[in-house]
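Just below is one structure, and these are the notes that go with it.
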Amino acid sequence: MQRPIKLLLGLAAAVTLAAMVALGPAALAGTANVLEFDTMTPVTGPFVAQSAFNCPNAGTATIRDLTGGGLPWVVQRAKGDLRGDGSLKIEVTGLVLADQPCEPAALRGTNPVPAFKGLVSCLSIDAAGNAVTVDTATATFPASPQGDADIEGTVSLPRPCLAPIVFVTGPANQWFATTGM
């Protein structure tokens with residue numbers, strides 16, 4: 001009686017192990033945490049798009065071909081995570097225009113944009129085998145005049161999604177904050 005039970009338990013363990021090896025990475029891809037962050041950096045300096053306000057150091061620098069907002073911003077706090085199934089959560093507090101002389105006085109310390117989006121930029125490979133940048137964004141989410149927003153949506157991640165960068169953008173995809181320090 002002992003031997004058949006041991007054989008059955010051993011067979012069950014082998015089948016379970018084989019299933020875990022075969023399905024492990026694929027099964028975990030949907031729930032795997034691809035990127036978790038507790039900080040974001042606002043658009044400033046040469047990443048501020050040239051505008052009529054002539055902010056010092058404004059330039060034409062982009063990140064992955066995404067243009068920064070037309071004025072310098074600050075962010076009090078931002079955190080979030082991106083999962084393998086494309087689930088994206090961003091909590092942002094105090095994402096507002098900076099208090100700088102080039103900013104219109106009435107807008108300093110406020111968020112003039114009524115909605116933010118979350119955007120993920122990945123390096124990937126196209127069908128011809130070329131390296132490409134793929135940007136995918138959530139729907140828009142309400143943003144308060146104090147610069148607070150909770151973005152929670154799903155983006156369509158390419159496979160592979162190498163070196164993902166998460167942005168908080170306006171409706172036209174101009175970025176106001178990005179992962180980094």
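Brief remarks follow.
- So Ile5, is it more than 30 Å from Asp99 (Cβ to Cβ) and either exposed (fewer than 13 other Cβ atoms within 10 Å of the Cβ) or modelled with pLDDT of 90 or more (or both): yes
- Residue in segment 160-169 that is hydroxyl-bearing (Ser, Thr, Tyr) and either part of a strand (DSSP E or B) or closer than 20 Å to Val43 by Cα (or both) present: yes
- Within segment 132-151, being part of a strand (DSSP E or B) and exposed (fewer than 14 other Cβ atoms within 10 Å of the Cβ) holds for Val132, Pro142.
- Residue within segment 122-134 that is of a type in the set (D, E, K, R), under 23 Å from Ala61 (Cα atoms) and at pLDDT 95 or above present: no
- Residues of segment 89-120 satisfying the condition of being open to solvent by 20 Å² or more (accessible area, probe 1.4 Å) and either aliphatic (A, V, I, L, M) or not in a loop (DSSP other than H, G, I, E, B) (or both): Lys89, Glu91, Thr93, Ala105, Ala106, Leu107, Val113, Lys117
- Residue check for Ala52: in contact with a strand residue (DSSP E or B) (Cβ under 9 Å, 6 or more places away or on another chain), assigned to a loop (DSSP other than H, G, I, E, B) and either at pLDDT below 95 or within 19 Å of Asn173 (Cβ to Cβ) (or both): no
- Every pair of residues 6+ apart whose Cβ atoms lie under 6 Å, when the first sits in segment 67-96 and is farther than 13 Å from Thr179 by Cβ and at pLDDT below 95 while the second is charged (D, E, K, R) and buried (at least 17 other Cβ atoms within 10 Å of the Cβ): Leu71/Glu103
The values are calculated or read from the model by the stated rules, or taken from the named source; none is laboratory data. All figures in this text were calculated on a predicted structure; none of them were measured in a lab. Note that each Cβ is placed from the backbone with ideal geometry, even for glycine, and that neighbours are counted across all protein chains shown. Ligands, DNA and RNA are excluded from the accessible area calculation, which covers all protein heavy atoms including side chains. Shrake-Rupley method; radii C 1.70, N 1.55, O 1.52, S 1.80 Å.
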